[in-house]
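Peer 1: Okay, handing you the structure first.
We did not get these values from a lab; they are worked out from the coordinates using the rules stated. Note that the coordinates shown come from a computational prediction; the quantities given were computed from them, not determined experimentally. Neighbour counts run over all protein chains shown; Cβ positions are idealised from the backbone, glycine included.
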Amino acid sequence: MKFKESKSIYLQIADRICDEILQGQYREGERIPSVREYATTVEVNANTVVRSFDYLQTQEIIYNKRGLGYFVSQGGRERILELRKEVFLRDELPEFFRQLKNLGISIKEVETMYQNYLKE
Amino acid sequence: MNTKMIDVAGLSFSYGRKKSKVLDNFSMSLEKGSVYGLLGKNGTGKSTLLYLMAGLLRPQAGRVLYKGADITKRSPSSLQDMFLVPEEFALPNVSLKQYVKLNAPFYPHFSHELLNACLRDFDMNEDIHLGELSMGQKKKAFMCFALATNTSLLMMDEPSNGLDIPSKSQFRKVIASGMTDEKSVIISTHQVRDIDSLLDHVLIMDGTQLLLNQSVASICERLYFAEQGMNEPTHDALYVQPSLQGNSVILPNTYHEDSKLNLEVLFNATLAERVKIQQMFNL
């Protein structure tokens, strides 16, 4: 796995697990790989993966069954989409607006492009 | 519960009486269940420290306790529980099977399954002959043996030197999969990019002393690593290093945000701004 320069690794791994859940690799109620298995796949320290799992657990995307491992929560997919929407609106959209303003692009222009995009 | 694995206290060492000291009143301790990265410029005593910890050299002052036992006694119970992979080594001109047959009995937890799994990961098999291998292959074979000994402490001096591109990734997989709460690995290296995601603890040494001994978690709690564009201000930064897009900077982590540890920048910062960085850890 190639890590981005600035985002902490544990969050990048959490993102990756979310992507895999969205892609249907692990369905709701299904077990995800163990900490050790995941650490091996992405070549990181197991403690980092523990942090990723903890994070996903507090976000109620996965849950722990004692001695059995971690499972995708019911409604986990929806939770991921909600979270991503939140992050997009909070962190990425303002940057997008800033660029529109700097480059003098009107929201009308963007709207036409978006409509065309949806048709494709 | 005692989680301490090795305890180094007041260690001094020089190669010969009149030579300058490599280590001077050097102290540190390592815990169980961690992967330590040992960083330092050339000639600052990283390998010497590993040899002292393995009982291969004797300190002129101070002591090394391995699980409470003095390592200079070289008692079998200590030596069978640790393994050192030096940067350079010679292997006898025998088959791997013969080598294992001769050497595995010294390590009571030796695992043949682990050996085979590791060889497989590195695209090798147990039918190799140690006399017919290239430098990189020798290194891989010896590392497989080292991991298979299943000792609590594994010390590796520049393990990724001489490994080809796919093997570096395999090396990380092998270490990541081999870790347990009872084992510790200490990796001395200059190739920080080869190992930075594996570490959970960073040791930086310079000029006979240990400058930094912190867990990655505590480093990222106190320091914020960022890539900034050319025109972003850097006056708050503890350390600034030019990069492709502008600057790599280390800031105090005032807003308690998570960032990715940049080992190279941390290393340069610790050497250049030693006091500033150490103050962040209240040392």
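Peer 1: Once you have all Cα-Cα distances for the stretch B:216-279, histogram them in 10 Å bins from zero and send the whole-percent values.
Peer 2: So the P(r) values, bin by bin, are 23, 60, 17, 0.
Peer 1: Two decimals is fine: what is log10 I(q)/I(0) at q = 0.11, 0.12, 0.15, 0.23 Å⁻¹ for chain A, from a Debye sum with one equal scatterer on every Cα and no solvent?
Peer 2: For the requested q values the scattering log ratios are -0.50, -0.57, -0.77, -1.30.
Peer 1: Further question on the same structure: Set the Förster distance to 30 Å, then compute FRET efficiency between B:Ser95 and B:Arg74 from the Cβ-Cβ distance, nearest 0.05.
Peer 2: Approximately 0.55, to the nearest 0.05.
Peer 1: Roughly how tilted is helix A:107-119, in degrees to the nearest 10 and between 0 and 90, from the longest Cα axis of chain A?
Peer 2: Tilt relative to chain A: about 60 degrees.
Peer 1: Between B:Leu23 and residues 5 or more places away or on another chain, which pairs have amide H atoms under 5 Å apart, with H built 1.01 Å from N, and which residues are they?
Peer 2: B:Phe13
Peer 1: May I pose another question? Any idea what diffusion coefficient chain B gets from Stokes-Einstein, in µm²/s, Kirkwood Rh on alpha carbon pairs, 20 °C, 1.002 mPa s?
Peer 2: 106 µm²/s
Peer 1: Work out Dmax and Rg for the stretch A:77-119 from the C-alpha atoms and quote the Rg first, both in angstrom.
Peer 2: 13.0, 37
Peer 1: If you plug each phi of the stretch B:261-273 into the Karplus form 6.51 cos²θ - 1.76 cosθ + 1.60 with θ = phi - 60°, what whole-Hz ³J(HN,Hα) values come out, in order, with x for Gly and Pro?
Peer 2: Rounded to whole hertz, the list is 4, 9, 5, 5, 5, 4, 4, 4, 5, 5, 6, 7, 10.
Peer 1: So, one more: Residue by residue through the stretch B:88-94, what is 3J(HN,Hα) from phi via Karplus (6.51 cos²θ - 1.76 cosθ + 1.60, θ = phi - 60°)? Round to whole Hz and write x for glycine and proline.
Peer 2: So the Karplus estimates, Gly and Pro as x, are 10, 7, 10, 10, x, 7, 9 Hz.
Peer 1: Let me ask you something else. Could you work out how far apart the two model spin labels at A:Lys7 and B:Asp236 are, taking each label as a point 7 Å from the Cα in the direction of the beta carbon, and quote it in nm?
Peer 2: In this crude spin-label approximation the distance works out to 2.2 nm.
Peer 1: If we count other beta carbons within 10 Å of each Cβ, what is the order of B:His112, B:His129, B:His256, fewest first?
Peer 2: Result, fewest neighbours first: B:His256, B:His112, B:His129.
Peer 1: Determine how many Å³ per residue the convex hull of the Cα atoms of the protein assembly as shown encloses.
Peer 2: Considering the Cα atoms of the protein assembly as shown, their hull volume per residue is 190 Å³.
Peer 1: Another question, if that's okay. Sticking to Cα atoms, compute the Rg of the stretch A:9-75 to one decimal and its Dmax as the biggest Cα-Cα distance, whole number, in Å.
Peer 2: Expressed in Å, the Cα Rg and Dmax of the stretch A:9-75 come to 10.7, 29.
Peer 1: Oh, and also: Work out from phi, with θ = phi - 60° and the Karplus expression 6.51 cos²θ - 1.76 cosθ + 1.60, the ³J(HN,Hα) of each residue of the stretch A:48-57, listed in order in whole Hz, and give x for Gly and Pro.
Peer 2: 5, 5, 4, 5, 4, 5, 4, 4, 5, 5
Peer 1: Applying 1/(1 + (r/R0)^6) with R0 = 60 Å to the Cβ-Cβ distance of A:Gln115 and B:Ala217, what FRET efficiency is obtained, to the nearest 0.05?
Peer 2: That gives a FRET efficiency of 0.80.
Peer 1: Projecting each Cα onto the charge dipole of chain B (Lys/Arg +1, Asp/Glu -1 at the beta carbon, about the Cα centre), which of B:Leu198, B:Ala104, B:Leu154 comes out farthest on the positive side?
Peer 2: Sorting the options by dipole projection puts first B:Ala104.
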